[in-house]
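The block underneath contains the structure these notes are about, expressed in structure tokens.
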């Protein structure tokens, strides 16, 4: 590990607290018997197309709950809990699935309804993208859920770092620091799989796992040493090999734009149109859109008027990082605990304060090896990482990295008051040291299997999720849902150009990113 450039005196002066933290949590709606719900997205939850906080990720039954940006982990958790309670109390007898790997799935993909976003061109494109994913990867794979942790540090930190670096704060400076943090996360991503992977098993209705995973219990498949099937090669991986460089933002944007613009023979084989002339997918290219790129983390810029994500990054730079490694924690009603939120804030600040330089193919391959191997085998006896081409026991590496994060947690607490971040990190460190951590251990050791474990936690969360919201909060969420339905209707009432023309114009700016 490189030396720490921030000693106690320097760390004491850095403004770390009061950045922006936002959480996205995906969760399936299920029937009481743990089968997948077959109902449409409830009107009481608003429009999946225009609601800013309650939408669907892939399927009609795959909810995505999105918080606003908040200055503290606790504030983000409070809103996330309110969103969970509102949803849980407006889906009749259906329930929210507590894990990353899905509930009992239908025997046929045809029974999984893709999300519907209305009749506007933007809504049609959102649905078409998902239809393309079904042809490319199958619907079953899209039913895996996760947590996305969105983070940007306080503006004052950029000022302090720029002064230390002898630079002024410009968007270019911020972009370079973010890309360095992205590379640091690439090196350390295995740690999040090790700490917060929570999907070592899956129900045997998950067909892609057949003939790959071993039977562990009743209707349960898995790997005994796994931490996260979701983040393993069984889970989210692009089928067509291509490289996106993290070495600078311009190259990152160009590589992504190239993947969106480049045909892929395996997807050309699927075809672009059905016999009736309707589209099967947005394109036959490596990526239909930039968001199809499955990455451990992404640089992000809020979009304006459905613009291309790559164009937003190219024109306005990076506004925040999206960390995509964290599994749903089945043991928390929101899928992620307040303590986890605090540790992840500390981790991302560590990546920002300790950026990595440019990485060649060998380094990237080693990083990918560590991340993927930890996901599938991180709890195997004697498991080691590859660090500078040498073996390193994963427990030793984890304890060293957690110790390096401690001064950051202490500084966060000094700014906010209390010991919450320090306590969360210390508790996790103790659990790693004595190997009592990790919410997935109980899944592997549960003789009753995947279903019994998840149903037990689902039932434990019932009282929390059905606790009545304060009336003002409930009314505000109901009004927000109604407003989103009105907004969708307003959009659909506007004249719509031909859909093929809409797609052509939407992707037209792609070429300027490749020139």
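List of remarks:
- Taken over region 229-276, the convex hull of the Cα atoms encloses 124 Å³ per residue.
- In terms of its alpha-carbon gyration tensor, the chain comes out rounded; the largest-to-smallest axis ratio a/c stays below the 1.5 threshold.
- Paramagnetic label zone (point 7 Å from Cα along Cα-to-C-beta, residue 435; backbone N under 19 Å) in region 374-390: 374-386
- Part-to-part distance (alpha-carbon centres) for region 357-407 and region 295-337, which is given in Å: 24
- Averaging Cα coordinates gives a centre for region 90-152 and one for region 443-515; these two points are 10 Å apart.
- Prolate/oblate/rounded label for region 284-327 (Cα gyration tensor, a/c 1.5): oblate
- Within the chain, helix-based [θ] at 222 nm, where runs of 4 or more DSSP H residues each add -39,500 (n - 2.57), nearest 500: -14000 deg cm²/dmol
- Relative contact order of the chain, pairs being alpha-carbon contacts under 8 Å that are 6 or more residues apart, as %: 23
- The label-point distance for residue 224 and residue 316, in a model that sets each label 7 Å from Cα toward Cβ, rounds to 5.2 nm.
- Residue 307-residue 480 pseudo-label distance in nm [points 7 Å out on the Cα-to-Cβ vector]: 2.5
- DSSP bridge analysis restricted to region 19-513 gives an antiparallel fraction near 95%, rounded to the nearest 5.
- Contour excess over end-to-end distance, with Cα ends at residue 262 and residue 500 and 0.36 nm allotted per residue: 83.8 nm
- For region 278-407, the C-alpha radius of gyration divided by 2.2 N^0.38 Å, with N the number of residues, is 1.30.
- Rg of the Cα atoms in region 49-107, relative to 2.2 N^0.38 Å, amounts to 1.25.
- Efficiency of FRET between residue 466 and residue 214 - r from beta-carbon atoms, R0 35 angstrom, step 0.05: 0.40
- The rule of thumb for compact globular proteins, 2.2 N^0.38 Å, goes into the C-alpha radius of gyration of region 41-180 1.35 times.
- Estimated FRET transfer efficiency when R0 is 22 angstrom, pair residue 89-residue 487 (beta carbons, to 0.05): 0.45
- Taking a ≥ b ≥ c as the square roots of the Cα gyration tensor eigenvalues, region 172-287 comes out oblate, since a/c reaches at least 1.5 and a/b does not exceed b/c.
No value in this document is a laboratory result; all are computed from the given coordinates. Bear in mind that the values here come from a model prediction, so they are computed numbers and not experimental data. Methodologically, a virtual Cβ is constructed for each residue, glycine included, from the backbone with ideal geometry; neighbour enumeration extends over all protein chains shown.
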